[in-house]
Amino acid sequence: MSAFDSVLVANRGEIACRVIRTARAQGYRTIAVYSEADADAPHVQMADQAVLIGPAPVKESYLDPQRILEAAARTGAQAIHPGYGFLSENADFARACSEAGLVFIGPSPEAIDAMGNKAESKRRMLEAKVPCIPGYQDTDQSDATLLAAAAEIGFPVMVKAAAGGGGRGMRLVHGDAELPDALASARSEAESAFGSGELILEKAVLQPRHVEVQVFGDQQGNVIHLGERDCSVQRRHQKVVEEAPCPVMTDELRAALGAAAVNAASSIDYVGAGTVEFLLDASGDFYFLEMNTRLQVEHPVTELVTDLDLVALQLDVAQGLPLPLTQDDVTLTGHSIEVRLYAEDSRNDFLPASGPALLWRLPAGEGVRVDHGLLQGQEVSPFYDPMVAKIITWGPDREVARRRLLRALENTALFGFETNRAFLIDVLANECFAAGGATTAFIAEQFPDGYSNPTPDEPLLLVAACLHYLEGLEGSEQGMVAPSLSLSGWSGTRGLASQVRFEMDEAVVDIHVGQLGTDRYRVELGDAEHEIAWLDEFGTGAARIAVDGVQYNLAFCFPARGEVALQLGGHAAQFTNQLAFTAADKAAAGSGTVTAPMHGNLLDVMVKVGDSVSEGDGLLVMEAMKMEHRLVAEVAGEVVAIHASTGEQVAAGAVLLEIAEAS
């Protein structure tokens, strides 16, 4: 038995908060680690102790095993919980923990090694009689061998990086003419992402469901499963929505999937929490995909349908205690759905976003759970994964859980950067998803042209204009030399109104706002006149208002001069009052100066000084939040200066390139 009473959490964000919460509830002393970018983060504040482990880049902090081990030694930690991501599936780190006399809260290094390489894990699963997709996973990596193997398997095939995951080094190939280029690009990406260019080939299972089984093993050799999760709604092989149980699951299929998952885990003497992932086709056949030797992001949906705390089970098993239940004790009650709230611009190919959380309102209600590691005012850094929260609901059946999650998202407000909240709402409201019909092709099929946020409706426009008016009124009152409160809100016999101008879809919308009385305002849009009544005090960021007699909950903030962000009745938008800017302001906005939209690494400079460029031409490629994006020319002209070079870390707002605009 490996007794310990202190746990260092080698992670950050919501999962660090999640682990610390359970560890503290069980009486453990908790230690957090943090980078310079996370000094004020919630996980740091929650822990009994916290240790600075380096600057913001992950390779110099959260991915540096030595810094983690030094933090454990400095604080007398006896065990390390890796969370997910970072070092959680690093067998060498698990070994280093053991060598340092620390309990690694996870499986053995040998089990991590066995499942860490897709080729090796698939060979092991074939030996263990676990159903696998037909493919090639041998050591001969020559193009000739891979081309011959693909022809034998039959197209379409998937090319996959043997050492990685998350969609990196993965290509879908429909015919032999595409294969050489796919092999070259997948191998190059795999080398860059995982340090290994080894590839495997698999028969492409088109439009399957992605179904995974939660397994748990103890040090006494017991292994059980806790049911399945459906994670089919994915974008770029990254999960977006997860639920338990799978909508099309039967008792017979669950028993077969569970038995295969337990067999897979038992074959490598697995200890702790793990997930065995499968592809499930329309006929009910399933195939081993991979095993994640850690706690999954989506573990809360399993917790809500089993009424188990998986982190508590991890801690108990790591202490050497046997599992407190057998397979016959596992029951699934109701239904749970989780969505991942990301800092990303859904309208711009889901480009990662960053910035301060100017306003952060969490949803509440029956069956609602929010796992997050974000404080209002906290900066969301571009150095880490863009997921800022997980919103999870439970219901007695799937439809109740889905409706609760829709309402929870409508009552979630997060301003300061773009999020995928509106996209998640549209996914949950989609008829195919509501009917339980989503496969891994769901997003491509249902959103073939990408995603555009809904056009703001009239109440949003009216309230946005009223907010601009109120902000201006408040500023005027603060600047008054001798304000007379008795005259506040009143004017003379001639009706006065302020004008607000928004640009929407290249159209100009003029709105006039005037005061009717205390906390009542007249808003004119076109020929129509509307009344907005303010039922709560202005300035708190949240209020109850009435628009033409219909009451709404309102969340709002003012990100910058002339800007207002608001959420009304579940709909959100940000508006800029064009009349708040001078002609000089607008001229400066259209210059040829290209700046970094976020902190990140400059991967490529696509032009050189003296090149002529047209509007929309690619100029630079940046990497931030584990994703790449291109910066393009906003004006046509000649490149006259380049201020950064490939491989350089650049800060948000840094001038990268200048274009002399063509006359």
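The values are calculated or read from the model by the stated rules, or taken from the named source; none is laboratory data. Just so you know, these numbers come straight off a predicted model, no measurement behind them. Glycine gets a Cβ as well: all are built from the backbone with ideal geometry, and neighbour counts include every protein chain shown.
The numbered conditions (1) modelled with pLDDT of 90 or more; (2) polar (S, T, N, Q); (3) buried (at least 16 other Cβ atoms within 10 Å of the Cβ) are all true for ASN601 except (1). When the stretch 276-302 is filtered for residues that are surrounded by fewer than 24 Cβ atoms within 10 Å (Cβ to Cβ), at pLDDT 95 or above and of a type in the set (S, T, N, Q), the ones remaining, listed by number, are ASN292, GLN296. Counting only helices (runs of 4 or more DSSP H) wholly contained in the stretch 102-193, the ones carrying 1 or more residues that are in contact (Cβ under 8 Å) with a residue 12 or more places away in the chain, closer than 25 Å to ALA91 by Cβ and not assigned by TED's automatic domain parsing to the domain that holds PRO82 occupy 109-116, 118-127. Across the stretch 635-663, the qualifying residues are those that are of a type outside the set (A, V, I, L, M) and crowded, with 17+ Cβ neighbours inside 10 Å, and the one among them that is nearest to SER381 (Cα to Cα) is GLU658.
If we scan the stretch 228-241, do we find a residue that is crowded, with 22+ Cβ neighbours inside 10 Å, within 20 Å of LYS203 (Cα to Cα) and of a type outside the set (A, V, I, L, M, F, W, C)? Checked the stretch 228-241: at least one residue is crowded, with 22+ Cβ neighbours inside 10 Å, within 20 Å of LYS203 (Cα to Cα) and of a type outside the set (A, V, I, L, M, F, W, C). Failed condition for ASP218, given (1) closer than 27 Å to GLY320 by Cβ; (2) among the acidic types (Asp, Glu); (3) out of contact with any Pro (no Cβ under 8 Å at 6 or more places or on another chain), with all others met? Of the numbered conditions (1) closer than 27 Å to GLY320 by Cβ; (2) among the acidic types (Asp, Glu); (3) out of contact with any Pro (no Cβ under 8 Å at 6 or more places or on another chain), the odd one out for ASP218 is (3). Looking at the structure I just gave you, is GLY320 at positive phi and in contact with a helix residue (DSSP H, G or I) (Cβ under 8 Å, 6 or more places away or on another chain)? No: the conditions fail for GLY320.
Restricting ARG544, ARG520 to residues that are loosely packed, with under 13 Cβ neighbours inside 10 Å, at pLDDT 90 or above, within 16 Å of VAL463 (Cβ to Cβ) and not hydroxyl-bearing (Ser, Thr, Tyr) narrows the list to ARG544.
When residues in the stretch 194-208 are screened for being β-branched (Val, Ile, Thr) and free of Cβ contacts under 8 Å to residues at least 40 places away in the same chain, 0 of them pass.
Residues in the stretch 34-53 that are surrounded by 20 or more Cβ atoms within 10 Å (Cβ to Cβ) and within 16 Å of ILE15 (Cβ to Cβ): TYR34, SER35, ASP38, ALA41, PRO42, HIS43, VAL44, ALA47, ALA50.
With respect to ASP92, is the statement that it is within 25 Å of ALA318 (Cβ to Cβ), modelled with pLDDT of 95 or more and either exposed (fewer than 15 other Cβ atoms within 10 Å of the Cβ) or in contact with a His (Cβ under 6 Å, 6 or more places away or on another chain) (or both) true? Yes; evaluated as a whole, the condition is true for this residue.
May I ask you to list the residues in the stretch 194-209 that are buried (at least 17 other Cβ atoms within 10 Å of the Cβ) and not in a strand (DSSP E or B)?
PHE194, GLY197, GLU198, ALA204, VAL205, PRO208
Taking the residues in the stretch 385-413 that are touching a helix residue (DSSP H, G or I) at 6+ places or on another chain (Cβ under 7 Å) and either of a type in the set (Ser, Thr, Tyr) or not in a helix (DSSP H, G or I) (or both) as candidates, determine which candidate is surrounded by the most Cβ atoms within 10 Å (Cβ to Cβ). Among them, the one singled out is THR393.
Could you run through the stretch 416-441 and say how many residues are under 18 Å from the mean Cα position of the chain (by Cα), not in a loop (DSSP other than H, G, I, E, B) and not charged (D, E, K, R)?
Here is the first cut: in the stretch 416-441, the residues under 18 Å from the mean Cα position of the chain (by Cα) are 416-428, 440.
Those left that are additionally not in a loop (DSSP other than H, G, I, E, B): 421-428.
Narrowing the set further to residues that are not charged (D, E, K, R) leaves 422-425, 427-428.
Residues in the stretch 416-441 being under 18 Å from the mean Cα position of the chain (by Cα), not in a loop (DSSP other than H, G, I, E, B) and not charged (D, E, K, R): 6 in total.
Return a yes/no flag: does the stretch 400-419 have any residue that is on the phi > 0 side of the Ramachandran plot and free of Cβ contacts under 8 Å to residues at least 60 places away in the same chain. No: zero hits.
If you go through the stretch 533-581 and keep only what is assigned to a strand (DSSP E or B) and basic (Lys, Arg), you end up with just ARG544.
Residues that are assigned to a helix (DSSP H, G or I), within 26 Å of HIS81 (Cβ to Cβ) and in contact (Cβ under 8 Å) with a residue 24 or more places away in the chain: does the stretch 333-344 have at least one? Looking through the stretch 333-344, none of the residues is assigned to a helix (DSSP H, G or I), within 26 Å of HIS81 (Cβ to Cβ) and in contact (Cβ under 8 Å) with a residue 24 or more places away in the chain. Checked against the criterion of being closer than 17 Å to GLY373 by Cα and not acidic (Asp, Glu), the candidates ILE15, ILE68, ILE80, ILE53 yield just one match: ILE15. Among the numbered criteria (1) within 30 Å of ALA408 (Cα to Cα); (2) modelled with pLDDT under 95; (3) of a type outside the set (A, V, I, L, M), which single criterion is violated by GLN567? It is condition (2) that GLN567 fails.
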